[in-house]
1. Around Thr91, which amide H atoms from residues at least 5 apart in sequence, or from another chain, sit under 5 Å from its own amide H, with H modelled in the peptide plane?
2. Between Ala14 and Glu44, take the C-beta separation as r, use R0 = 25 Å, and let me know the FRET efficiency to the nearest 0.05.
3. Taking a cut-off of 16 Å between Cα atoms, list the lysines near Lys87, but don't count ones fewer than 8 places away on the same chain.
4. Would you mind calculating the relative contact order of the chain from Cα pairs under 8 angstrom and at least 6 residues apart, reporting the percent as a whole number?
5. When DSSP beta bridges are limited to those with both residues in the chain, what percentage is antiparallel, rounded to the nearest 5?
6. Under a Cβ-only charge scheme (Lys and Arg +1, Asp and Glu -1), can you give me the dipole magnitude of the chain about the Cα centre, in debye to the nearest 20?
7. Taking the Cβ-Cβ separation of Gln82 and Tyr105 as r and a Förster radius of 22 Å, what is the calculated FRET efficiency to the nearest 0.05?
8. Once you charge only the Cβ atoms, +1 for Lys and Arg and -1 for Asp and Glu, what is the size of the charge dipole of segment 6-51 about its Cα centre, to the nearest 20 debye?
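All of the numbers you see were taken from the coordinates with simple rules; none came from a lab. Since we're looking at a predicted model, the values are computed, not measured. Cβ coordinates were reconstructed from backbone atoms using ideal geometry, including for glycine residues, and neighbour counts include every protein chain displayed.
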Amino acid sequence: QAQAVEYGGGLAQAGGSLRLSCTASGRTLSTYAMGWFRQASGKEREFVAGIRWSGDVLYYSDSGKGRFTMSGVHAKNTVYLQMNSLKPEDTAVYYCAADRVVNGYDYTSIEEYDYWGQGTQVTVSS
C-alpha cells in the first residue's frame, strides 16, 4: 500500500516560518521525484516546489522563489519544505505528491504524480 503523509502545517503570522515534511512509503518502487503543491480555498491546485532525485534537480514556482526551500533524503523517500517570510496569500492546504512512474509530464504538472498525501493546512494571518 503506497501512501504519503504530510506534517508541519499550522498557523503562522505574516513574516513567520513553517517547515513541512512528507514521507512516501509502501512496498513499491522508490520515488523518482517528489513535489509540493498547494490549493487555496476555491482555487486550483498549484505547483510549489519539486525535486527530481537523479541529479537532485530542484524546481520552484515563482510564488516560492527566495522564500521557500525544498530538500529531502531520497533513501527515505522524504522531503521537506521550509517556508520563510510567510504571507497571508500562502494560506492553503499543502499537498505532498510522489512520482514513481514516468507519466510523460514535467514535475510542475499534477498529472505526473502517482499518489498524494491528504494535505496539511497552512494558515498565515496578517
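1. Residues meeting the criterion, in which the H sits 1.01 Å from N, are Val124.
2. 0.60
3. Of all the lysines, those that pass the test against Lys87 - Cα under 16 Å, at least 8 places apart if same chain - are Lys65.
4. For the chain, the relative contact order is 35 percent.
5. 90 percent
6. 340 debye
7. 0.30
8. Here the size comes out at about 60 debye.
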